[in-house]
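Colleague: Handing you this structure, nothing more for now.
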Amino acid sequence: MFRDLTSLRKKRSGLEAFGFYLAYLGLGLLLAGFAAGVSNFLETTGSFMDGYKIGTQYGHFVAVIYCPLLCILILKAKKSYTFLPLLLIPASGLLAIYIAMLGGLIPAAILTCFRDNRSKSSPI
């Protein structure tokens, strides 16, 4: 389930894609939490709730960037530039806007189930 998580070229089964989703969700939440923590130093707030609101905005911004970027990296690794995979990039961004990272990583997990389009004789 959690094998070869850093290999973006690998064609995964449904269970492996779910493990990929969980692992990259954890990584994304750590990045969003780090951004929210840094926002405390960048902007001075009067109360805890003001700081919380600003922190969630920074974390949401990270999610909107992180999810489509991960989809782009997967497509680049697999050399899969057909219509459906390319359509999942904006879908990832839209889901990240409305459902945050929980929804934005669903297209990325789906993309890991596609086959690698690189030829076997390719040196890279």
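A short reminder: the numbers here are calculations on the coordinates, not readings from a lab. Worth saying up front: this structure is predicted, and the values here are computed from it rather than measured. In this analysis, Cβ positions are derived from the backbone assuming ideal geometry, glycine residues included, and neighbour counts consider all displayed protein chains.
Colleague: I'd like the full set of residues that are over 11 Å from the mean Cα position of the chain (by Cα) and among the aliphatic types (A, V, I, L, M), limited to the range 1-30.
Modeller: M1, L5, L8, L15, A17, L30
Colleague: I've got another one for you. List pairs: first in the range 52-74 and more than 16 Å from P90 (Cα to Cα), second surrounded by fewer than 17 Cβ atoms within 10 Å (Cβ to Cβ), Cβ under 6 Å, 6+ apart or cross-chain?
Modeller: Note: pairs meeting the criteria are I54/E43.
Colleague: In the range 1-43, what residues are touching a helix residue (DSSP H, G or I) at 6+ places or on another chain (Cβ under 9 Å), among the polar types (S, T, N, Q) and outside any helix (DSSP H, G or I)?
Modeller: Matches in the range 1-43: S7 only.
Colleague: Among the residues of the range 15-39, write down those that are touching a residue at least 60 places away in the same chain (Cβ under 8 Å), out of contact with any Cys (no Cβ under 7 Å at 6 or more places or on another chain) and not acidic (D, E). Break it down into steps so the answer makes sense when it comes.
Modeller: Of the range 15-39, the ones touching a residue at least 60 places away in the same chain (Cβ under 8 Å) are 16-18, 20-21, 24-25, 28-29, 32.
Now narrow it down to the ones that are out of contact with any Cys (no Cβ under 7 Å at 6 or more places or on another chain): 16, 18, 20-21, 24-25, 28-29, 32.
F18, F20, Y21, Y24, L25, G28, L29, A32, listed by residue number.
Colleague: For E43, work out the one condition from (1) closer than 18 Å to L95 by Cα; (2) surrounded by fewer than 19 Cβ atoms within 10 Å (Cβ to Cβ) it doesn't fulfil.
Modeller: If we test E43 against (1) closer than 18 Å to L95 by Cα; (2) surrounded by fewer than 19 Cβ atoms within 10 Å (Cβ to Cβ), just (1) comes out false.
Colleague: Only one residue in L84, L42, L94, L88 is free of Cβ contacts under 8 Å to residues at least 60 places away in the same chain and either among the basic types (K, R) or under 17 Å from A17 (Cα atoms) (or both), so which one is that?
Modeller: Details: L84 fails: either among the basic types (K, R) or under 17 Å from A17 (Cα atoms) (or both); L42 fails: either among the basic types (K, R) or under 17 Å from A17 (Cα atoms) (or both); L94 fails: either among the basic types (K, R) or under 17 Å from A17 (Cα atoms) (or both).
Going through L84, L42, L94, L88 in turn, just one is free of Cβ contacts under 8 Å to residues at least 60 places away in the same chain and either among the basic types (K, R) or under 17 Å from A17 (Cα atoms) (or both): L88.
Colleague: Any chance you could count how many residues in the range 71-99 are surrounded by fewer than 20 Cβ atoms within 10 Å (Cβ to Cβ) and basic (K, R)?
Modeller: The qualifying residues number 2.
Colleague: Then there is this: Looking at the structure I just gave you, is Y98 aromatic (F, W, Y) and within 10 Å of the chain's Cα centre (by Cα)?
Modeller: Here the answer is no, as Y98 does not meet what is asked.
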